[in-house]
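The values are calculated or read from the model by the stated rules, or taken from the named source; none is laboratory data. Since we're looking at a predicted model, the values are computed, not measured. Note that each Cβ is placed from the backbone with ideal geometry, even for glycine, and that neighbours are counted across all protein chains shown.
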Amino acid sequence: MKALMIVTYWSFEDALIQSYTLPYVRLIKKHLGTDTNIILITFDRNPHTEQEVEIEPGITNYKFRLYNFGWKAIMEVLAALRQMRKLITTRNVFQLHGWCATGNGIAWVLSRKTGLPLIADSFEPNAEPMVETGTWKSGSIAFRIQFWLEKKTAQHATQLIAISPYMQDYMEKKYGVTRKIKYIKPACVDLELFSANKKHIGTLVNELQLQDKIICVYAGKIGGFYLEQELFDFFAVAEKKWGDKFRVVLLTSHEKSFVDNYATKAGFSVDKMIIRFVKHHEVPDYLGLGDFAIGPYKPVPSRLTCSPIKDGEFWALGLPIIITKGISNDTELIVKSKCGAVIESFTVSGYLTALDQIEVLLLDTSVADRCVQLARDYRDFGIADKIYSEIYAPRSNEQQ
């Protein structure tokens, strides 16, 4: 029995594993054949009694401890690397498959130490976005280590799977690497889970008293890569435009008091917000309450290289999106397909212009169909399935 080692730097319970990574892992397993297992590496903050747990037949999760960047984190990663090298030997690992910037960096170190080939998946930068959004300082140790690992991954990975078509230009300009990126795999979405039959579920509309309201939905964090006060300033402008008809459904793990502080500062009525933290399978029901969605991504230069999973989920539900400038190719797709509006400036007039455009789209009976088609064209898991088939199916065929 052989094994493929997939390396991430997230907690197993994190949504980035549960809703973003695991669906791809299952696709990969499908193409590997029955005589190859998958070892999924995660880093978890909470103490665990079992370091290795079977997720499902042929896929196990191997956990290490996660710390914020610092000496503890560095020492834990070094210890994890030693343990992973032992696993590579004892489990007959034939290839490494990294995930996103940090996971790819760790996998690159393993690749150099063991000679195993590396597939760098969800290939995107993390060092510069962290500086651009104010999380790290330029020239800090964290930035220098992460940027160096990104460059080494770009130079040495057997295959690069980028999440944005703009990653080719970024890699050439920032890392000085001119090789061709063969695969582009945006953040794909389960089109059955996020579908039109989740729109305006009557029992939920009645429970939350949302009849005859104009509803904006958002699911995610506040701060970091996402807008903070600007998001609530936008809500305040929408409330002034639509009055008591306007509502916000906000799915987030932040405490209500944290959210209310931003709303109060913006002059937005806290009673116009419905704040929930729900399980992943319930997310479509709540997002489906919306008439439109907002993608409040900080429009920093490196965001051209990202691929927000929420945009695909909004589209699959038939929701037009108000988005910021320069977000992957999503911003231009929204404009070209008339599936939303762009916030051109963080001013009252900038917000109002976008809201006026959305108001027109809400009267367009075909906008939902256009949004769903965008999801089918640019976020279907078939895109990922084709890529993994090209990479792994030849090996599976050789084994048969």
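One residue stands out in segment 1-52 among those that are free of Cβ contacts under 8 Å to residues at least 40 places away in the same chain and either of a type in the set (S, T, N, Q) or not assigned by TED's automatic domain parsing to the domain that holds Gln83 (or both): the one that is farthest from Lys279 (Cα to Cα), namely Thr34. The helices (runs of 4 or more DSSP H) falling completely within segment 76-184 that include 3 or more residues that are surrounded by 15 or more Cβ atoms within 10 Å (Cβ to Cβ) and not aliphatic (A, V, I, L, M) map to 100-114, 127-132, 141-156. For segment 11-22, the criterion of being more than 24 Å from Asp190 (Cβ to Cβ) and either buried (at least 18 other Cβ atoms within 10 Å of the Cβ) or small (Gly, Ala, Ser) (or both) is met by none of the residues. When you scan segment 14-33, do you find a residue that is more than 20 Å from the chain's Cα centre (by Cα), modelled with pLDDT under 90 and basic (Lys, Arg), even just one? No, that holds for no residue. The residues in segment 114-142 that are in contact with an Asp or Glu (Cβ under 8 Å, 6 or more places away or on another chain) and free of Cβ contacts under 8 Å to residues at least 24 places away in the same chain can be counted, and the count is 0. With the requirement that a residue be touching a helix residue (DSSP H, G or I) at 6+ places or on another chain (Cβ under 8 Å) and in a strand (DSSP E or B), what does segment 262-285 give you? Met273, Ile275, Arg276, listed by residue number.
Looking at Glu56, Glu50, just one residue is closer than 22 Å to Leu22 by Cα, among the charged types (D, E, K, R) and within 25 Å of the chain's Cα centre (by Cα), and that residue is Glu56. Of the strands (runs of 3 or more DSSP E) lying entirely inside segment 288-400, not one carries at least 3 residues that are free of Cβ contacts under 8 Å to residues at least 24 places away in the same chain and either small (Gly, Ala, Ser) or more than 26 Å from Gln229 (Cα to Cα) (or both). Of all the residues in segment 26-43, those that are aliphatic (A, V, I, L, M), closer than 14 Å to Tyr62 by Cα and surrounded by fewer than 22 Cβ atoms within 10 Å (Cβ to Cβ) number 2. Mind listing just one residue for me: the one in segment 227-261 that is modelled with pLDDT of 95 or more and outside any helix (DSSP H, G or I) and, of those, nearest to Val283 (Cα to Cα)? Ranking the qualifying residues of segment 227-261, first place goes to Leu251. Within segment 191-222, the residues that satisfy the criterion of being assigned to a loop (DSSP other than H, G, I, E, B), within 27 Å of the chain's Cα centre (by Cα) and under 19 Å from Lys256 (Cα atoms) are Gly220, Lys221, Ile222.
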